[in-house]
Amino acid sequence: MCGIVGHIGPNNSIAVVLEGLKRLEYRGYDSAGVCFKKELGELDLHKKMGKVDNLKEAIAPLEVESHTCIGHTRWATHGEVNDLNAHPHLSDTITIDDDRSISIVHNGIIENHNELRLEIKAAGLKFTSDTDSEVFLGLMVIELLANVSLHDAVINSFKKIRGNSAFVIIMKGSREMLSIKRGAPLVCGVNIGSGEALVSSDPYALVGTADDIIFPEDDVLCSLSVEHEGLIKFYEMDKSESKRYKLKKQEMSLEISDKGDYEHFMLKEIYEQPHLIRALSQYYTLGPGKELLASIINESPKRIHIIACGTAWHAGLVIKNFIEKIARISCVVELASEFRYRDPILFTDEVGLFISQSGETADTLAAQALCKENGLKTFAIVNVEGSTLYRECDYNLLIKAGMEIGVASTKAFTQQALTGFLMTSAMSDTLNADNIAQKFSLLADRIQDLLDNVTNIKEIAEAIYLHKGFIFTGRGREYPIAFEGALKLKEIAYVHAEGYASGELKHGPIALIDDLMVNIALISDELYEKTFSNIEEVKARRGVIVTIGPENDKNAISLSDYYIPLCLEGLEELTPLYMNVATQLLAYYMAKFKGTDIDKPRNLAKSVTVE
Ligand code: M6R
C-alpha cells in the first residue's frame, strides 16, 4: 500500500528519497511523487502517475539538490489514479502566507473525511484532489491561519481525524520535518555520523542510510531536524517529551533486494525454500529459537483462534490440522476482516495466534488488539521482526523467511506453516530436535528435486494457461493447498481460479465442468480413494485433469490429462507443503506465458495496511 519516505541531511535528499521509493515499489502502488525544499526553502512539488522511474525522469532535467525532501508511492483508495491525486499534497499559497506553505504525505484512511471536507470548504478552502489525505492538509491550513505553531497545527489536526494513518509534514519556514501515526506503520532512522535523519513506512527504505532505526508508538509526534541533538526528538500530544519509542540497530542489508540470476523475485523466493526450511529447523532446535519454543511448552490453552488474511490464512488452515491432530487442542481459523466485526466469544484461557508475513496487515492488527482487550494471550507467527504485530504480541515466532519482495507470497507460506508445526510440537511436548531435523531435511530435499526438474510443469502450464477456468481440489491435509494454489494463480496469472474441498464439487461447482475447465487435483495417501473418485467424476464430465500426486501411481496417471509426479513417501503431515511448491511453480509459469507483471501484479499491494 502507500509508501512514505522523508529525508533531511547533508546528502541530496531527493536522491535518497527516490531510492527509498524505488525500494518500496514491491509494496504495490500506482503513482509517485516528491516535494523538496529549494535553496530559499520554497517547496517544489513533482508527482506522476505510474512508476517511480517516470517521476525520476521528470525530475532529472532540473539537476537540483535539496536537503529536505518527502516522497510517496500511492495505492489509490479515495479518488482515481491520476497525477492530481498522487501525493505529496501542497497547501494553497493563496490562503496561507508563503512562509507557512506546507506539504504532506499520508498512508492510511481518514474515515471521517466527508464531514471534515464540509468544515474545510466552509472555511473557504479549496481542494485540488479527490483524496481523503488532502483533508488533513486542509485542517492544518485552518490551524495555521489561526496562527498556531506548526506542532500545534499537526496535533490539533491529527486529533480530528478518525482511522489508521501516518503523515509526514514539511513547512517552508521551518527546519523540522514532522511525522505522526496511529495504527499505521512508521519508522524513523538516523545516521549520526553523516548527520542524516529519515522517516518511512518501511524500514527497508532506510537500509544503507540509517544505522539506528526507531519505532515510535501511536500518537507520538516525531520531529526530525539537523538542529536537534541526535537529529530526532519525540513529543506527546501535550507537547511534553515522549519516551514512547523503541530504538534498534539496523540489521538489514541491501543484498536481499538482488534478484541474482532469477528473472523474478517470486521465482527466486520459490527457490530459496529448501535452504530456508533447513535454517528454520536449526534456528528452533539448536539456535536462538529453542528457548522461545521451550517457553511455550507450558501453554495449554482451551482453544486457539488462528487469525490472518490471504495466504497467511491458508497457512493457518494447515496449522489448524497440526494443532488438532498433534496437540489435540481445539482450534478455529478466522479471517481477520470478519473476526474483528462479529463480536466473537472469547475466553481468557484461550490463545489468539496471528499469522502475518508483514506484521502490518490492518485487519490482523485490529483482531490482535481485540483479543488482547479480552484478556487472551497473543502469539504471532511473523516474518518482519519489529513490525507492529511483532511488537504487540506476547510471543513472537519468527518464520525466518528473509525479505519477501514478490507480492505473491510463496516462501513465507511454507515457513509460516512449518513454524506452526514447530509451535505445535512444543505445545504438545513432542519436539525432538533430531526428528525435526530429519523431517524438515526430507521436505527440503524433495522440494529441491522438484525445483531441479521443472520442465514438465512448464509444459503443462503452456498447455493449459488459456483455458476458461481452474478449480483446485484437495481433501484433508491438502484442502488448504487447494485454496492457496487457486489464490496464487488468480494473483499473478489473472485467471479465474477457485479452491474447493474435493467432496464439495458435487454440491455445486461441478456444474461448471466442461472441456474448457481445468481441475487441478491434489491427491495423496490421505483419503486416497475418496479423492480419486472425485477426480473421476470430473473426468466423466470431460473436465481437463491436472493431477499433482504420488509418483508411479499408474491409475492416477492414466486418469489424468497431465500429471505432476511427486515422491511423497515419508513426508506424512508435511506433504501439503511439498505439493504447494508444485502449485507455486504452475502459477508462475502460467503467468509467464500470459506475460503478466509477476512480481507486482496489478491492483495488489504487498502489505495491506488499510481495511
Ligand atoms: O503480510 P500478511 O501476511 O499479513 O498479508 C496477508 C495477505 O495480504 C497476503 O498473504 C496476500 O494474500 C498475498 N498477496 C498472497 O500472495
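Read the figures in this text as sums done on the coordinates, not as results from a lab. Since we're looking at a predicted model, the values are computed, not measured. Note that each Cβ is placed from the backbone with ideal geometry, even for glycine, and that neighbours are counted across all protein chains shown.
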Study note, to complete from the structure: Computed for the chain: size of charge dipole around the Cα centre, +1 on C-beta of each Lys and Arg, -1 on C-beta of each Asp and Glu, debye to nearest 20, value 620 debye
Review point. For the residue pair PHE347 and ASN156, what label-to-label distance in nm results when each label sits 7 Å from Cα along the Cα-to-beta-carbon direction?
Key: 5.2 nm
**Study point:** Cα-based shape type of the stretch 17-112, given that a ≥ b ≥ c are square roots of the gyration tensor eigenvalues and the cut on a/c is 1.5
**Key:** oblate
Study note, to complete from the structure: Everything considered on the Cα gyration tensor (a ≥ b ≥ c; rounded for a/c under 1.5, else prolate if a/b is larger than b/c, else oblate), the stretch 3-255 must be described as rounded
Review point. Of LYS248, LYS47, how do they rank once you tally other Cβ atoms within 10 Å and put the fewest first?
Key: LYS248, LYS47
Point to revise | TYR494-LEU40 pseudo-label distance in nm [points 7 Å out on the Cα-to-Cβ vector] | key: 4.8 nm
Study note, to complete from the structure: Rounded to the nearest 10, the angle in degrees between the Cα long axis of helix 411-427 and the longest principal axis of the Cα atoms of the chain comes to 70 degrees
Review point. To the nearest 20 debye, what charge dipole does the stretch 469-571 have about its Cα centre, counting +1 at the Cβ of each Lys and Arg and -1 at the Cβ of each Asp and Glu?
Key: 220 debye
Exercise for review: Starting from the Kirkwood radius over alpha-carbon pairs of the stretch 268-358, derive D by Stokes-Einstein at 20 °C in a medium of 1.002 mPa s and give it in µm² s⁻¹.
Suggested key: 144 µm²/s
Review point. In square nanometres, what is the average projected area of the Cα convex hull of the stretch 453-611?
Key: 9.8 nm²
Practice item. Could you order peptides 35-43, 13-21 by the average number of other Cβ atoms within 10 Å of their residues, highest first? Key: 13-21, 35-43
Review point. What is the dipole size for the stretch 3-255, taken about its Cα centre, with +1 at each Lys and Arg Cβ and -1 at each Asp and Glu Cβ, in debye to the nearest 20?
Key: 420 debye
Practice item. Distance from a point 7 Å along Cα→Cβ of GLU263 to each backbone N in the stretch 555-595: keep the residues under 20 Å and list them by number. Key: 581-595
Check your understanding: Which order do peptides 386-393, 188-195 fall in by mean Cβ count within 10 Å, highest first?
Key -> 386-393, 188-195
Check your understanding: If one puts a single equal scatterer on every Cα of the chain and applies the Debye formula without solvent, what log₁₀ I(q)/I(0) results at q = 0.05, 0.09, 0.12 Å⁻¹?
Key -> -0.24, -0.75, -1.19
Study note, to complete from the structure: Nearest-0.05 FRET efficiency for ASN456 and ARG541 at R0 = 25 Å, using Cβ-Cβ distance, is 0.50
**Study point:** Rel. contact order, % - alpha carbon contacts under 8 angstrom, at least six apart, the chain
**Key:** 12 percent
Exercise for review: Show me 142-153, 53-64 ranked by packing, highest mean number of other Cβ atoms within 10 Å first.
Suggested key: 142-153, 53-64
Check your understanding: Using the Karplus equation 6.51 cos²θ - 1.76 cosθ + 1.60 (θ = phi - 60°), what ³J(HN,Hα) coupling, rounded to whole Hz, does each residue of the stretch 451-462 give in order, writing x for Gly and Pro?
Key -> 5, 7, 9, 9, 4, 4, 5, 4, 5, 5, 4, 5
Check your understanding: With the dipole of the chain worked out from charges on the C-beta (+1 for Lys and Arg, -1 for Asp and Glu) around the Cα centre, which of GLY406, VAL5, HIS507 lies farthest toward the positive end?
Key -> HIS507
Practice item. Before anything else, pin down the relative contact order of the stretch 3-255: Cα pairs under 8 Å, at least 6 apart, normalised by residue count, whole percent. Key: 19 percent
Exercise for review: Treating the angle as unsigned and between 0 and 90°, give the value, to the nearest 10°, between the Cα long axis of helix 133-145 and the longest Cα principal axis of the chain.
Suggested key: 20 degrees
Study note, to complete from the structure: If unit charges are put on Cβ atoms (+1 for Lys and Arg, -1 for Asp and Glu) and the dipole of the chain is taken about its Cα centre, the option from LEU604, SER240, PHE532 lying farthest towards the positive end turns out to be PHE532
Check your understanding: If one takes the longest principal axis of the Cα atoms in the chain, at what angle in degrees, from 0 to 90 and to the nearest 10, does the Cα axis of helix 150-160 lie?
Key -> 50 degrees
Exercise for review: Answer rounded, prolate or oblate for the stretch 450-496, using the Cα gyration tensor with square roots of eigenvalues a ≥ b ≥ c: rounded when a/c is under 1.5, else prolate when a/b is larger than b/c, else oblate.
Suggested key: oblate
**Study point:** Cα extents of the stretch 259-441 along the three principal axes, largest first (Å)
**Key:** 50, 35, 26
